[in-house]
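The next block holds one structure in the form of structure tokens; read it before the comments.
The values are calculated or read from the model by the stated rules, or taken from the named source; none is laboratory data. Just so it is clear, the model here is predicted, and its values are computed rather than measured. Glycine gets a Cβ as well: all are built from the backbone with ideal geometry, and neighbour counts include every protein chain shown. Note: accessible area is taken over every heavy atom of the protein model, side chains too, but ligands, DNA and RNA are not part of it. Shrake-Rupley method; radii C 1.70, N 1.55, O 1.52, S 1.80 Å.
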Amino acid sequence: MDLKSILEALLFAATKPLSVAELAGLVRKGADGADPESAPLAKITESEVEAALNVLKGEMGNRPVRLQEIAGGWQLGTAPAYARWVGGQVAVPKPPRMSQPALETLAVIAYRQPISRAEIEAVRGVAVSGVLETLVERGVVRVAGRADIPGRPLIYETTELFLEHFGLKDLRELPNAEELRRAKLPEPPDPAAAAAQPELLHEPDPVTIQD
Amino acid sequence: MVVGITETTGSPLRVTLPIFEGPLDLLLYLIKKDEVDIYDVEIGRITGQYLSYLEAMQDLDLEIAGEFLVMASNLVYLKSRTLLPVDQQAAEENAEEDDPRWDLIRQLVEYKKFKEAAGDLEQREALQELIYRRKAAPPVALISEVPIPGSELGRVTMLDLIHAFQKVLERARQKAGFREIYEERFTVADKIEHILDVMARAERVVFSSLFQEMTSRSEIVVTFLALLELIRLKHLRVIQPDPLGEIEICSRTDHGPEINS
């Protein structure tokens with residue numbers, strides 16, 4: 001039994017992305033006590049598995065089912081051209097698309113995590129508590145803990161589901177990751193005050209502005 | 001991003017106005033429309049455009065979020081500074097950046113990057129949407145249309161529920177001494193608690209028994225609303241074990257031994 005075929009069988013049966021480490025473990029475990037021919041597989045290394053995965057990915061490149069690196073692992077998926085036949089028919093329906101505010105908020109979190117709500121608001125220039133709640137509910141963002149600054153505000157980070165939803169291998173795959181991570185954030189007005197006053201409950205009275 | 005707003009208040013006027021995610025988004029749009037570089041923004045000009053946009057929003061009776069007004073006041077402040085002779089301008093706290101526009105420009109540049117990153121995420125989302133991967137079956141309790149074991153008629157439609165509810169009301173009407181009591185006030189929230197309380201004690205409850213001790217029409221109605229709310233929130237499920245039998249209510253976690261296995 002060759003490694004590549006075993007990997008293909010494993011990936012076919014899996015219902016979630018499998019990491020190279022997980023795949024290597026599964027191959028070794030299966031080879032334990034198998035026929036003498038498969039015995040060397042009991043000592044397979046992660047780099048060998050990774051190499052085989054890349055060969056497999058290349059071979060499947062023109063097939064209707066392809067190999068995708070996603071959310072820190074590998075998983076088989078149907079090629080986009082077949083979506084009209086597969087989608088909504090046999091496959092689990094896709095979750096709804098993200099709204100524009102959700103995408104902008106996610107982008108800020110993805111590049112700057114872990115990040116507090118006040119810091120997100122400083123970048124976007126609008127209140128984000130509602131959007132943030134929705135993102136947490138959808139499971140693409142989670143609370144990562146509390147920041148070590150006055151008021152100890154909650155800080156947020158993206159989840160594996162975020163990577164899966166956007167078809168990302170890992171956070172490094174985000175475009176311009178270097179530049180956007182390094183860029184200096186606009187300072188939130190006052191973290192302590194913002195944390196103590198979680199919501200703007202009512203809008204300020206309308207003001208007439210004369211040019 | 002540009003979304004049409006249509007007045008629906010009977011007026012034949014149809015207006016299309018871009019919708020902005022916030023004041024920074026609006027400013028970026030104005031700068032882009034003017035085809036100037038963010039770093040060369042003329043505060044006086046952009047302030048005028050910004051304020052006239054807010055006026056247009058007001059004319060259309062659109063609600064203007066507080067953030068837009070905060071930005072408006074900031075812009076007017078920046079503009080007022082530029083009108084003063086240099087030697088009379090109030091000293092900024094960080095003197096090394098004597099251009100008061102700098103904070104705003106930096107914020108705009110920053111926001112623009114993330115807005116572009118959001119656009120990129122959107123494209124990835126659209127592509128990934130077309131790729132179907134195998135998924136684990138969702139937990140049984142999350143599937144809304146689980147057939148009830150042993151019965152084809154297990155599922156209850158809204159019509160069945162309403163029908164059963166009418167029967168309850170009918171029964172209440174026949175009760176001696178039944179009359180409207182205005183002093184009683186029932187809230188859906190209270191009844192939700194009541195139902196959850198009942199469900200905590202019994203796995204399954206016959207629909208009509210929920211209303212057994214109730215005598216006022218409003219209490220029955222409120223209880224029914226509470227039940228609908230709980231079904232909507234997926235706390236409860238309604239089933240009909242026997243064809244034409246009584247409707248029963250059970251909690252979501254109880255999904256019968258056959259489905260569990």
For region A:155-169, does any single residue satisfy the condition of being assigned to a loop (DSSP other than H, G, I, E, B) and at pLDDT below 90? no
Residue by residue through region A:58-81, note down the ones that are among the small types (Gly, Ala, Ser) and in a loop (DSSP other than H, G, I, E, B). A:Ala71, A:Gly72, A:Ala79
Is it fair to say A:Pro36 is in contact with a strand residue (DSSP E or B) (Cβ under 8 Å, 6 or more places away or on another chain), over 20 Å from A:Glu164 (Cβ atoms), open to solvent by 20 Å² or more (accessible area, probe 1.4 Å) and not assigned by TED's automatic domain parsing to the domain that holds A:Leu174? no
Would you be able to say whether some residue in region B:91-104 is surrounded by fewer than 17 Cβ atoms within 10 Å (Cβ to Cβ), over 28 Å from the mean Cα position of the chain (by Cα) and modelled with pLDDT of 80 or more? yes
Across region A:113-140, what is the number of residues that are in contact (Cβ under 8 Å) with a residue 24 or more places away in the chain and acidic (Asp, Glu)? 2
Search result, residues across region A:87-100 that are under 19 Å from A:Phe162 (Cα atoms) and either more than 10 Å from chain B (Cβ to nearest Cβ) or surrounded by fewer than 21 Cβ atoms within 10 Å (Cβ to Cβ) (or both): A:Val92, A:Pro93, A:Lys94, A:Pro95, A:Pro96, A:Arg97, A:Ser99, A:Gln100
Please find, within region B:56-69, the residue that is nearest to the chain's Cα centre (by Cα) out of those that are touching a residue at least 24 places away in the same chain (Cβ under 8 Å) and more than 8 Å from chain A (Cβ to nearest Cβ). B:Leu62
Report whether or not A:Leu180 is crowded, with 16+ Cβ neighbours inside 10 Å and either at pLDDT 70 or above or assigned to a loop (DSSP other than H, G, I, E, B) (or both). yes
Could you give me the residue pairs with C-beta distances under 6 Å whose first residue belongs to region A:45-72 and is in contact (Cβ under 8 Å) with a residue 12 or more places away in the chain, whose second residue is among the small types (Gly, Ala, Ser) and in a strand (DSSP E or B) wherever it lies, and which are 6+ apart or on separate chains? A:Gln68/A:Gly77
Among the residues of region A:154-177, are any of a type in the set (Gly, Ala, Ser), surrounded by fewer than 23 Cβ atoms within 10 Å (Cβ to Cβ), facing chain B (nearest Cβ under 9 Å) and under 12 Å from the mean Cα position of the chain (by Cα)? yes
Can you run down the residue pairs with Cβ atoms below 6 Å, 6 or more apart or on separate chains, where the first is in region B:220-241 and assigned by TED's automatic domain parsing to the domain that holds B:Leu159 and the partner is in a helix (DSSP H, G or I) and open to solvent by 30 Å² or more (accessible area, probe 1.4 Å)? B:Val222/B:Val188; B:Leu225/B:Val188; B:Ala226/B:Val188; B:Ala226/B:Ile192
So, in region B:3-32, how many residues would count as being at pLDDT below 85 and either under 23 Å from B:Glu110 (Cβ atoms) or not β-branched (Val, Ile, Thr) (or both)? 12
Looking only at residues in region B:231-248 that are assigned to a loop (DSSP other than H, G, I, E, B) and over 20 Å from the mean Cα position of the chain (by Cα), which one is surrounded by the most Cβ atoms within 10 Å (Cβ to Cβ)? B:Gln240
Where A:Arg84 falls short, out of the listed (1) among the basic types (Lys, Arg); (2) assigned to a loop (DSSP other than H, G, I, E, B); (3) at the interface with another protein chain (Cβ under 10 Å from one of its Cβ atoms): (2)
Please state which one of A:Val49, A:Val55, A:Val27, A:Val92 is not assigned by TED's automatic domain parsing to the domain that holds A:Thr159 and not in a helix (DSSP H, G or I). A:Val92
In region A:120-150, how many residues are surrounded by fewer than 17 Cβ atoms within 10 Å (Cβ to Cβ) and assigned to a loop (DSSP other than H, G, I, E, B)? 4
Taking A:Ala110 as meeting all but one of (1) of a type in the set (A, V, I, L, M); (2) without any contact (Cβ under 8 Å) to a residue 60 or more places away in the chain; (3) open to solvent by less than 40 Å² (accessible area, probe 1.4 Å); (4) more than 7 Å from every other protein chain (Cβ to nearest Cβ), write down the number of the exception. (2)
Taking A:Phe12 and the conditions (1) without any contact (Cβ under 8 Å) to a residue 60 or more places away in the chain; (2) within 14 Å of chain B (Cβ to nearest Cβ); (3) assigned to a helix (DSSP H, G or I), which numbered condition does it fall short on, given that it satisfies the others? (1)
Output the number of residues of region A:124-153 satisfying the condition of being over 18 Å from the mean Cα position of the chain (by Cα) and among the charged types (D, E, K, R). 4
Would you check which residues across region B:108-125 are out of contact with any Gly (no Cβ under 7 Å at 6 or more places or on another chain) and facing chain A (nearest Cβ under 7 Å) and list them? B:Glu110, B:Lys113, B:Phe114, B:Lys115, B:Ala117, B:Ala118, B:Asp120, B:Leu121, B:Glu122, B:Glu125
